[in-house]
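Below is one structure; the comments refer to it alone.
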Amino acid sequence: MSKKINSVYHGAAFLIATSAIGPVFLNSTSVFSSKLYASFGFAILISILIDIIAQINIWRIITITNKSAQEFSNELRPGLGNFLSIMIIN
């Protein structure tokens, strides 16, 4: 596998893993925003935009490879897909 393709797989696996923690992050931002009001609004807006961009990239890669996220992650690093599944379940 060439270095360029391997780099793309690493980036996609990282995005898949970080998208699994999205709901917890959004919940914690709502707690912070109730305490900090408008000063935290810009950070919330930026985090939502980054999350949308990450999700679009993840789904595009999963659709192009025609594999599930677990299969794709296991190809990148053996056992990474299982770890991802455990992180999503928890």
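Where a number appears in this text, it was derived from the coordinates with a stated rule and is not lab data. Just so you know, these numbers come straight off a predicted model, no measurement behind them. Don't worry about glycine lacking a Cβ; one is built from the backbone with ideal geometry, like all the others, and counts go over all protein chains shown.
What is the gain in length, in nm to one decimal, between L49 and I88 on full extension, counting 0.36 nm per residue of separation less the C-alpha to C-alpha distance? Could you put the intermediate results ahead of the total?
Details: separation 39, 0.36 × 39 = 14.04 nm, distance 2.18 nm.
Between L49 and I88, full extension yields 11.9 nm more.
Could the peptides 69-76, 81-88, 50-57 be put in order, highest first, of the mean number of other beta-carbon atoms found within 10 Å of their residues?
Details: 69-76: 18.2, 81-88: 14.5, 50-57: 12.8.
Top to bottom by mean Cβ count within 10 Å: 69-76, 81-88, 50-57.
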